[in-house]
Amino acid sequence: MTGVAIVGVGMHAFGRTEGVSGMEQGVVATRRALADAGATWSDMQFAVGGSMEAGNADSIVSKLGLTGLQFTNVVNGCATGGTALATAANAILAGAYDVGLALGFDKHEPGAFRVDTKSAGLGEWYGTSGLALTTQFFGMKVNRYLHDHDMDQRILATIAAKAFRNGAQNPMAWRRKPLSEDEILASAMLSYPLTQYMFCSPGEGAAALVLCRAELAHRFTDRPVFLRSAVVRSRRYGSFEVLAPSLAIESAPGPTVETSRLAFEQAGIGPEDIDVAQVQDTEAGAELMHLAETGLCAHGEQERLIAEGATEIGGSLPVNTDGGCLANGEPIGASGLRQVYENVLQLRGDAGIRQVPGSPRAAFTHVYGAPGISGVTILTT
Amino acid sequence: MTDISIDDRVFVLDADGPCLLGSRCTDCGALTFPPQDGCARCTGTAMEPVRLARQGALWTWTLQGFPPKAPPFAGSLDPFVPFAVGYVELPGEIRVEARLTEPDPARLTIGMPMELVADPLTTDNEGNRVMTFAFAPAGQQ
C-alpha cells in the first residue's frame, strides 16, 4: 500500500469530560483534524466512524453539516479505530474516493467493561458465574507468560511507570502524574499478577484523521505521512483469547502475530526499521507480550530491552510515547486512532517535549481486542 | 432446598457427581466447551455430544479481586468475596475456564492437579440453590 496519505489529525483530550457527550468530543476531534489539513467538512467525500457506547457514529453529520457524504459505521471492539482507518484507506485505494475522514469516539461508564454475553455469543451462565470480565483474561495470559519465560511481576510495574511518565508529558492524556514502581506494585490487587495501576481504565475521548490519495497530499500539507499498511485480522483455532470459555490444547499464535506479519509484508519494511511504536497496553502485561507478538522483539528479550531503556522515548525502540492506554484510558472507538495521531505527530516532529529524537521515519501501531482481533498500521514519512 | 445447575446445556449434576458437557467433531476430533453445532478447528458440522473429564491440571489462573458488575454477575456482592478463575487442562481434551474454589494466590500453582466440583452461586425465586461449576485442588473435597 503506497497510495494513502494522512494530511490532518485531531483529538479531543482523553479522560473524563463532564457534560460533553462522546459524540460532541467526536465533533471537536473532527474539526481539529480538518483545521490541521486546511480542509472543510464539505471537502470530505466519505467518512468511516466508530463508537461502542456513545451512539451511532454517523449521527454526527447532524452536528457537522448535512453534506450528503457516504458515512459508514464500524464497530470492532478495541480494534474499532483500526478498522475505521483500514476501511477508509481501502475506499481510497479502491478508487472510490479521493478524500475522507476516519473517526472514533467513545464515553464509557467507570469501572471494568460490563460485558453483554448475548452480543458476545456467550451463554448467560458465563456472566452470572462471574467469568465475563476481560480483566481476568489479561491476568491469566500474563500469569502464564511470566511463568513460561521466568520473568518477575516487577517488570509489569516498570512498564506501567514508563506509561505514566510519558503521559505526564502529553497534554491530551488522562493520567498525568508519574507513579513509582513501588506505588504501582502496592496498589490494589485486581487480577493477579496485575494491580490497579497496571491496568488502563475505560474512559472518554475522540480522534480523527483526514486521509487522501497520496498524489493529492500536497494540496493539504507539505508534511504528509503515508499509510503503508493497515491490516485487521481475527483469531485462529488454538490461540488464547479474551472471553473464551475454553481453549484448545493445540496452541497457535494470537491474531497480533499474523496481523503484524501481513502489515510488514504490505509495507515492505521489517520490525528493525520501526523508529517508534504504539502497542495495545490494556494493562502492563499486554505491552510486554505484544512487543514480542508484533515481532518488534523476541519472546524473552523484553527484560533486557526494558532494563536497557530501549522502550523509553530516548531509547532504540520507543514504545507508547503518549502514555498508551495506561495513561490515556480506553475509549474503545477512539483508542486505535489515538495511536495513529501520536505517530503522525512523532513523524512530523510535532510531539513537543515527548518528541522521539533523531527524526523518526517509520512508525507502528497495534490494537488488540475482544473476542480476539488485532489491527496494525505502519506509517512512514 | 434443591440444587439445580446454572444451565443444564453446559453443566449437569449427575448422581455420581458434577459433569461438564462438550461436543466433539466427528471429522477432525476437536472438542468444544460448551457444546456447539460447528467445529472451530475444521469448520465441519458433524458434532456429537461428549462428557468432559472431571480431573485436570491448572494451566493458568488469576484472582477476581474486585466485585464484578451486576448484571451480569449473580453471585454475592454483600459482601463480595474475591475468587480465583483459571483454565484447567483436561488431559487430551480441552482447557476449560472456570472459577476456582481456592482464592489464596499463595496456594495456587500452575500445573497443580484440580477436580471439578459444583459451586453454590445464588438462590433462585423458588428457593433452589443455583450451582455453577468450579475446580478445586484435587483431593480437597
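Is there a residue being β-branched (V, I, T), touching a helix residue (DSSP H, G or I) at 6+ places or on another chain (Cβ under 6 Å), within 17 Å of A:T365 (Cβ to Cβ) and open to solvent by 10 Å² or more (accessible area, probe 1.4 Å) anywhere in segment A:278-287? Checking segment A:278-287: at least one residue is β-branched (V, I, T), touching a helix residue (DSSP H, G or I) at 6+ places or on another chain (Cβ under 6 Å), within 17 Å of A:T365 (Cβ to Cβ) and open to solvent by 10 Å² or more (accessible area, probe 1.4 Å).
Scanning segment B:101-123 for residues that are within 11 Å of chain A (Cβ to nearest Cβ), out of contact with any Lys or Arg (no Cβ under 8 Å at 6 or more places or on another chain) and not hydroxyl-bearing (S, T, Y) yields a count of 7. Of the residues examined, B:G92 is not one that is facing chain A (nearest Cβ under 7 Å), part of a loop (DSSP other than H, G, I, E, B) and either buried (at least 19 other Cβ atoms within 10 Å of the Cβ) or of a type in the set (G, A, S) (or both). Hey, any hits in segment A:218-230 for a residue that's of a type in the set (S, T, N, Q) and either in contact with a strand residue (DSSP E or B) (Cβ under 7 Å, 6 or more places away or on another chain) or outside any helix (DSSP H, G or I) (or both)? The answer is yes, given that some residue of segment A:218-230 is of a type in the set (S, T, N, Q) and either in contact with a strand residue (DSSP E or B) (Cβ under 7 Å, 6 or more places away or on another chain) or outside any helix (DSSP H, G or I) (or both).
For the structure I just gave you, tell me whether A:L243 is touching a residue at least 40 places away in the same chain (Cβ under 8 Å), within 14 Å of chain B (Cβ to nearest Cβ), assigned to a strand (DSSP E or B) and farther than 20 Å from A:R338 by Cβ. The answer is no for A:L243. Exactly one of (1) within 25 Å of the chain's Cα centre (by Cα); (2) surrounded by 24 or more Cβ atoms within 10 Å (Cβ to Cβ) is unmet by A:G127. Its number? For A:G127, the exception is condition (1). Looking at this structure, is A:R236 without any contact (Cβ under 8 Å) to a residue 40 or more places away in the chain, within 14 Å of chain B (Cβ to nearest Cβ) and among the basic types (K, R)? Here the answer is yes, as A:R236 does meet what is asked.
So that you can scan it fast, the table gives a plain yes or no per residue for (1) farther than 20 Å from A:F113 by Cβ; (2) of a type outside the set (A, V, I, L, M, F, W, C); (3) buried (at least 24 other Cβ atoms within 10 Å of the Cβ):
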{"site": "A:G324", "(1), (2), (3)": "no, yes, yes"}
{"site": "A:L337", "(1), (2), (3)": "no, no, yes"}
{"site": "A:P371", "(1), (2), (3)": "no, yes, no"}
{"site": "A:V376", "(1), (2), (3)": "yes, no, yes"}
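Beta carbons closer than 8 Å, at least 6 apart along the sequence or on distinct chains, pair a first residue in segment B:75-88 that is touching a residue at least 12 places away in the same chain (Cβ under 8 Å) and in a loop (DSSP other than H, G, I, E, B) with a second that is open to solvent by 10 Å² or more (accessible area, probe 1.4 Å) and of a type in the set (A, V, I, L, M) for B:G75/B:L121; B:P82/B:L63.
Does segment A:145-166 contain at least one residue that is open to solvent by 30 Å² or more (accessible area, probe 1.4 Å), without any contact (Cβ under 8 Å) to a residue 24 or more places away in the chain, more than 17 Å from B:W61 (Cα to Cα) and within 11 Å of chain B (Cβ to nearest Cβ)? No: segment A:145-166 contains no residue that is open to solvent by 30 Å² or more (accessible area, probe 1.4 Å), without any contact (Cβ under 8 Å) to a residue 24 or more places away in the chain, more than 17 Å from B:W61 (Cα to Cα) and within 11 Å of chain B (Cβ to nearest Cβ).
The values are calculated or read from the model by the stated rules, or taken from the named source; none is laboratory data. The structure displayed is predicted, hence computed values, not measured ones. Cβ: placed from backbone, ideal geometry, glycine included. Neighbour counts: every protein chain shown. Heavy atoms of the whole protein, side chains included, go into the accessibility calculation; ligands, DNA and RNA do not. Shrake-Rupley method; radii C 1.70, N 1.55, O 1.52, S 1.80 Å.
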